[in-house]
Each structure stands twice: as structure tokens, then as C-alpha cells.
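Notes follow the structure.
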Amino acid sequence: MLSRKAITLAAVCGLLIFPFSLQAQEATQMNRLTPEILWKMGRLGGGTVSPDGMMLAYTVRHYDVAKNKGTSSLIVQPVGGTGDQLAIEGWSSISDIQWVVRDGRPFVYFSGKPAKSEDENGEADESADDPPIDTPQVWSFDANTGETIQLTAFEDGISNLKVSPAGTHIAFTADVKMDKEVTEIYEDLPEAEARIIDSLMYRHWNAWHDFKYSHLFIAEIDADGRMVGEARDTMAGIRADTPVPPFGGSEQFNWSPDGSEIAFTMKDVEDWAESTDSDVYVVSVNTDEAPKNITAGQTGYDNNPVYSPNGQYLAYQSMERASFESDRNRIMIIDRATGQQRDLTAGLDQTTHEPTWLPDSSGMLFSSEYRGTNQIFKVALDSPGVTQVSSGRVKINLQEVFNHRNSALVSKMSMLRPRELSVLSLDEGVDRVVTHINDMIYANLELPRIEERWVDATDGKKIHCWVIMPPDFDPAAEKKWPMLAYFQGGPQGQIGQWFSFRWNFHMMAANGYVVVAPNRRGLPGFGREWNDQISGDWGGQAMQDLLSATDAMTKEPYIDAERVAGIGASFGGYTAYWMMGNHNDRYCAMISHCGVYNLESMYGSTEELFFVNWDLGGPFWSDPAVKEKYEQFSPHNFAGKWSIPLLVIHGEKDFRVPITQGMEAFTAAQVQDVPSRFLYFPNEGHWVMSPQNSIVWFRVFFEWLDEHCKNGGEAEE
């Protein structure tokens, strides 16, 4: 428990005390989830437990729709969940939090950026005495005194902070400019706006290459939590990134228990766009030696290294097959003394995430998709097989293991509620929720009902489906409901018990729709064969699985078979376009968000070619058999059969599925007089991220469905 003295000092330092639930927004009186309520919800960030297992620190982000931005808070509370909470409130960003005790003093380190001061009109206050830090930096927070100290001052900011076990050093990533821009090549043309491009991967996901590379830095810190001297670039001169973009984070590097070295992930290859060959490197803290590659020769993804607490082993995740980004993630173990390695998860017919050592180094925990959920599993070093630790209709992700208890800090969510932190007993497999971020909101919400069912596939196998019913659904009532058939993206990404702030099944049901979400062929959690079957067969069995699930649901007496819409994003958007020409009157309307329309033009304009090379078989000109697959599975070849209403949604900055895919589809609909609408976001990428754009997305989404699927919004009796 924080002392009253600490709380008083914290208040002086600009820190605020909140009641237990930490609700910055007032609770709504409405009883159905809406886009506006969704954006009132606090969003859990990272969580970490103090070394003695008594205190919990975590971050929460809240959004102000009117200002179209969010702010973050750091909360410190007892793990038991009672007593005062101490929070740093209103920062532009807070992440990478970590507890460290040094010389008996507890610190929480984090990367963050304070919010800019604003005047009464909400504009930046340039007259503020203390100008804000414009980029994220490393900060320390003294949990005894409430004092915050800025450690770094990198112009472009830092990311992915990790503190050494003894609290003597910090490691973080920062951008290093290594490539020249046109104005630096031709210095007499300072106003030139051009790029000279000589290789692929000149843009990625939602951003053009910025001539910089993310490097791993190490710096010493003193007993007061301040940085000593200059930070050292451990990757000096290397034109490569750690973490591996676009989604890698601080999980891609870790300290050894004695703090003498760091293992990290780097993808240092010539053919970046066509290769998934990342490797694990180690670098010494106390010498200037170059990083050493310890997984050379393995051509798939090798990443996320983590040392055993006793220092004997280094574990990392590895995908066996080159260029397959959704291959099974194995956990490999290296004996640091002998260099010998083995697959700790050999024979496991599922993938792994978040490998975490048990405190006694006897084995590891990991999370994994499993039959439409995500669970925690345990594997021992000295015995084969895995043990499932958690259970339930949830998605559980590991945060960290308690050092002095047989427990783990986990986050947990479902289709009904967003993430909260829980303490999971590793012996009993039960968890106890320790945060209550959105309790006030949920006290006033009617909840949908979730059902699980299996339907027959055309090849005799069973398809797992989630079915989400409206809050007032009554199967005994003589009422027929409109239905949404959800098409999952990926194409490899399980439909689990996740709560999306975009594709939100809770909200769809709250708007009066029954939703069926099939775990079609190509999704993890149902074995490697099921996961792999989508590759090279985009328009094949996966599409039949979705049609089978739709057919099974429309046989139910409470579903109106005339009012069934198909919806999806990314590969799900591809599915919507493909279904437009192949659904045989099953659907009354379609929505495609950032979908693939033309496989040939997609190949020439996307960025990560290893994805299309694996899933489509390579370029369409490479082989007659590959060319035939393109023609068979490309939605544009069936556009002449389109007739039902189509809503196209796409973002200008989507470089994975470029904007022209949506434009081509909209043009095809318009010239054939197919009822259609194009919702275009000039500053969004593959996802719609800003609050007000998101609300526009939801409003247009439901307006389109209500007009074309719900008959003006009233379900028929």
C-alpha cells in the first residue's frame, strides 16, 4: 500500500488520486452499446507487478471524441485491488511500464510523452512555462515519492523500453537516419519533392520508408534513476530494424538475468519484401562487439528471445517454413553453455504466443488459440506434452509471472467486454479480476448472448462458429431476425473471444442483428492442417465453409433468410467481393472493408511480397498453374454477376491492400448500376483509428445494413 506521505507528495508533483474504478467518463444511462459508448470505454495497456508481488502498475487510455484524441494514465494499486490508486493522468502516451527495486527504492520505468498544455479553446498553449516533450522519452517514477524524472532526450523519441534486472541499465529502441533523401543528394534543390527508389519495401502497411532504422540502445542509470553518460547504439552501421516492423514490440528483446547481455530480433536480409528470415542476435552490454547471430541458417521468423531465470537457457520462437508468416510458432530452447538447441513444443498441433519462463526455470508458459478461445498452457523442460492451465469462453494473454507466487498476471477479454487484468493461479487454473476499468459503463448495458455451435462442411468436416444474439433475443418468440455473416480476415487469424473496437460483435447484436462468425478453413486453433488449408486455395474450401455456416443458420426458424448480409475486412473484404459474384442469392447486401478485389493488381502494388508469394503461389506470370489460380479466385473475374448492394470502405494509407482495390470494386459496381457506396478515409490505413473517423465508420456501416438488410430498422414479426 502506498503511504499517505507518498500520496501527498504525489499530489504536489501533479499526480492525482482517483476512486477505485478510475472512471474518467461519466456512466451512460443507455442500455445498448453504441459507437459513442464504445469510445467512452477505457482501454487497458500494459500491466506489471512489483518484485514483491504486492503492487500492480498498469496503463489505461481514454479518448475525447470532441477533441479527437486520447490520453493515457499510469495507475499504481495493491494487487488485492483495494485501497487508493495513484495515477499520472492525461499524458499523450504511456507504455512499456516496468517495476524495478534498486537499493530498496521502488521505481516504475516507462516510455511516455506528456500532453501539451491547452488554452480555454483547446488550442496548444505556447505560453506554458514548461514546454511539453514532443516525443516519447524514458521516464522513471519513484513509487515512494511520486517524483517523475526524464532520462532521455532523443529528438525523434524512443520506444520499447526494457530495464535490466538489477536496475543498473536501460535498453530501448530509437530511430537512426542512415539513408539520404533527394534534397541531400541534390543540395541545390532544397524544395524538390521526389523519391529515388532502387528496391522494394519502400513503403510498409501505412507509411513510406523514412530513411531511418530502429536500433537498440543501451544506457547506464544511477541509483536515483537518472541516465549516466550517452546511450550506445548496439547496431551501429546496420541498415536493419529491431523490433521487426510493422508489429514487433519490446517482446523482441530481453536482458539476461545477470544484465551482461541482451538478446534481440533483427531481420537483416537483402530481399526484405520477399523474406521472413529474421534471426535472434546477442550483444554484450560491456563491450563494443558487434551483435552475434545465434539462429543463422533458419529461414523463417525467429524472434521473441527470453532468458531462463537461472541463466542456463535462452528460449525463442521460430517458424520453420520460409516466407510463411502464419506458420506454427515453435518454442526453441538453446543451452547457453553448449549451444545445443531443441524444440520444446515438438509434436504440438497448435501455435504459441508470449513464451514466459516459470520462476524456477523448470518450464515455460505460453498462450495459444484453442477452439475459438485463447488459453494459457504450460510445458516442462524434462517431460513431453503440454498442460492447459486456463479455461473458459475467453481470450487470455500473458503479461508476466509472479516471482514469489505460483501465479501469473494476465489480461482477459471476451466478445462482451474489453480487456481487464487478472491474477491467474497456475495450480488451480482460476483467475481473479484485479482491475475494473469499465465497470460503471457495464452496470448499465444489456448484454448479447453468445452461443457456440458446429456445422457440417461440404467435405464432411466440422466448422466451429460463434453465434451472437441480440440482448432481447427470444428463440421461442414468433419473430424473424436479420443476420450478419461475418467473414474473418487474416487470412489466418482465429475468431476468438476478442473485443474489437472496430469489428465489434457486441455492438452488431445490440443493433438488432444475429451474427454468425465461422472459424472457416485457414484459421488457427483447430490444428495445423486446418490452418494451412487456406494457402493457395483462397476461393476454395474456405468459401464453401462460410456458405455452409450461412446455410445452417438460415435454416433456423428465427432467422429471416431474405435479410442476410455478408461483412468483412482485409481477406474478409476479399471474401465479400468474391461472394458478390458467387453467393447464389444467399445474401441481400455486402460490406467490404479494405478488401482485395483484383489479385493481379494486388500483387503489383502490395508491399510484403512474401505474403502473396506464399498464399497465392507467386507472381501470376510465373507458372500457368499459378495463373489459373489467380483467374479462378480473383473476385474481379466475377464482377459481371454482381447485383446486390455493396458498401466499399477503404483508407488511402492502406499499403497492404492498396486503395485502388476499393476503387476498382466501386467502379465495377457503379458502371453496372449495382447499388453502391464508397466510404473513403484519406488519413487512415488498414484500420480506422481516430475517434471521429471510427464513429463515422460505425454510422455508415449500420445505416447501410439497416437500409438494405433490416427493412428500415424494424425486425419483422
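Pick out, from the stretch 144-242, the strands (runs of 3 or more DSSP E) lying fully within it that include 2 or more residues that are touching a helix residue (DSSP H, G or I) at 6+ places or on another chain (Cβ under 7 Å) and open to solvent by less than 50 Å² (accessible area, probe 1.4 Å).
Ranges flagged: 159-163.
Would you be able to tell me the number of residues in the stretch 647-679 that are open to solvent by 50 Å² or more (accessible area, probe 1.4 Å) and either touching a residue at least 60 places away in the same chain (Cβ under 8 Å) or closer than 25 Å to LEU609 by Cβ (or both)?
Residues in the stretch 647-679 being open to solvent by 50 Å² or more (accessible area, probe 1.4 Å) and either touching a residue at least 60 places away in the same chain (Cβ under 8 Å) or closer than 25 Å to LEU609 by Cβ (or both): 5 in total.
Find the residue count for the stretch 586-636, including only residues that are within 25 Å of the chain's Cα centre (by Cα) and open to solvent by 60 Å² or more (accessible area, probe 1.4 Å).
Selection size over the stretch 586-636: 1.
Can you name the number of the only condition in (1) in contact with a strand residue (DSSP E or B) (Cβ under 8 Å, 6 or more places away or on another chain); (2) at pLDDT 80 or above that SER117 fails?
The failed condition is (2).
Report yes if ILE450 is touching a helix residue (DSSP H, G or I) at 6+ places or on another chain (Cβ under 7 Å) and outside any loop (DSSP other than H, G, I, E, B), otherwise no.
So ILE450 does not fit the description; no.
Residues checked against (1) closer than 30 Å to ALA231 by Cβ; (2) in contact (Cβ under 8 Å) with a residue 60 or more places away in the chain:
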{"position": "PRO291", "(1), (2)": "yes, no"}
{"position": "ASN304", "(1), (2)": "yes, no"}
{"position": "PHE324", "(1), (2)": "no, yes"}
{"position": "MET332", "(1), (2)": "no, no"}
{"position": "THR352", "(1), (2)": "no, no"}
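Kindly indicate the residue of the stretch 680-717 that is assigned to a strand (DSSP E or B) and open to solvent by 20 Å² or more (accessible area, probe 1.4 Å) and also modelled with the highest pLDDT among those meeting that condition.
TYR680
Residues being in a strand (DSSP E or B) and acidic (Asp, Glu): count how many of those fall in the stretch 87-116.
So the answer is 2.
How many residues are out of contact with any Pro (no Cβ under 8 Å at 6 or more places or on another chain), of a type in the set (D, E, K, R) and part of a strand (DSSP E or B) if we restrict to the stretch 553-577?
Qualifying residue count for the region: 1.
For ASP343, state whether it is open to solvent by less than 50 Å² (accessible area, probe 1.4 Å) and among the acidic types (Asp, Glu).
Yes; evaluated as a whole, the condition is true for this residue.
Restricting to the stretch 550-585, what's the tally of residues that are touching a residue at least 60 places away in the same chain (Cβ under 8 Å) and of a type in the set (Lys, Arg)?
Matching residues across the stretch 550-585 total 1.
Can you pull out every residue in the stretch 323-339 that is assigned to a loop (DSSP other than H, G, I, E, B), open to solvent by 20 Å² or more (accessible area, probe 1.4 Å) and over 17 Å from GLY311 (Cβ atoms)?
SER323, GLU325, SER326, ARG328 - these are the residues of the stretch 323-339 that are assigned to a loop (DSSP other than H, G, I, E, B), open to solvent by 20 Å² or more (accessible area, probe 1.4 Å) and over 17 Å from GLY311 (Cβ atoms).
Mind checking which residues of the stretch 357-372 are of a type in the set (S, T, N, Q) and either modelled with pLDDT under 95 or surrounded by fewer than 20 Cβ atoms within 10 Å (Cβ to Cβ) (or both)?
Hits for the stretch 357-372 are SER361, SER362.
Can you name the condition, by its number, that GLN497 falls short on among (1) open to solvent by 40 Å² or more (accessible area, probe 1.4 Å); (2) part of a loop (DSSP other than H, G, I, E, B); (3) not hydrophobic (A, V, I, L, M, F, W, C)?
GLN497 satisfies all of (1) open to solvent by 40 Å² or more (accessible area, probe 1.4 Å); (2) part of a loop (DSSP other than H, G, I, E, B); (3) not hydrophobic (A, V, I, L, M, F, W, C) except (1).
Being in a strand (DSSP E or B) and either at positive phi or crowded, with 21+ Cβ neighbours inside 10 Å (or both) is the filter here; which residues of the stretch 346-355 pass it?
Across the stretch 346-355, the qualifying residues are GLU354, PRO355.
With the condition kept exactly as written, say whether any residue in the stretch 10-17 is open to solvent by less than 40 Å² (accessible area, probe 1.4 Å), touching a strand residue (DSSP E or B) at 6+ places or on another chain (Cβ under 8 Å) and modelled with pLDDT under 65.
yes
Do we have any residue at all in the stretch 625-637 that's within 24 Å of TYR202 (Cα to Cα) and either touching a strand residue (DSSP E or B) at 6+ places or on another chain (Cβ under 7 Å) or charged (D, E, K, R) (or both)?
Within the stretch 625-637, not a single residue is within 24 Å of TYR202 (Cα to Cα) and either touching a strand residue (DSSP E or B) at 6+ places or on another chain (Cβ under 7 Å) or charged (D, E, K, R) (or both).
Which of the residues belonging to the stretch 295-321 are part of a strand (DSSP E or B) and open to solvent by 40 Å² or more (accessible area, probe 1.4 Å)?
Answer for the stretch 295-321, where residues must be part of a strand (DSSP E or B) and open to solvent by 40 Å² or more (accessible area, probe 1.4 Å): just TYR313.
For residues that are within 23 Å of TRP39 (Cα to Cα) and of a type in the set (Ser, Thr, Tyr), scanning just the stretch 406-421, find the one that is least open to solvent (accessible area, probe 1.4 Å).
SER411
Any idea which residue in the stretch 51-86 is least open to solvent (accessible area, probe 1.4 Å), counting only those that are in contact with a helix residue (DSSP H, G or I) (Cβ under 9 Å, 6 or more places away or on another chain) and of a type in the set (Gly, Ala, Ser)?
Checking each candidate, the answer is GLY70.
So that you can scan it fast, the table gives a plain yes or no per residue for (1) within 30 Å of PRO682 (Cα to Cα); (2) at pLDDT below 95:
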residue: GLU147; (1), (2): no, yes
residue: PRO165; (1), (2): no, yes
residue: HIS209; (1), (2): yes, no
residue: ILE218; (1), (2): no, no
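Are any of the residues in the stretch 260-268 within 30 Å of GLU147 (Cα to Cα), open to solvent by 30 Å² or more (accessible area, probe 1.4 Å), assigned to a loop (DSSP other than H, G, I, E, B) and at pLDDT 95 or above?
yes
Being touching a Ser or Thr at 6+ places or on another chain (Cβ under 9 Å), part of a loop (DSSP other than H, G, I, E, B) and open to solvent by 40 Å² or more (accessible area, probe 1.4 Å) is the filter here, so list the residues in the stretch 272-287 that pass it.
Answer for the stretch 272-287, where residues must be touching a Ser or Thr at 6+ places or on another chain (Cβ under 9 Å), part of a loop (DSSP other than H, G, I, E, B) and open to solvent by 40 Å² or more (accessible area, probe 1.4 Å): just ASN286.
The values are calculated or read from the model by the stated rules, or taken from the named source; none is laboratory data. Note that this is a predicted model, so its numbers are computed, not measured. Because the Cβ atoms are built from the backbone with ideal geometry, glycine has one as well, and the counts that use them run over all protein chains shown. These area figures cover heavy atoms from the full protein model, side chains too; ligands, DNA and RNA do not enter into them. Shrake-Rupley method; radii C 1.70, N 1.55, O 1.52, S 1.80 Å.
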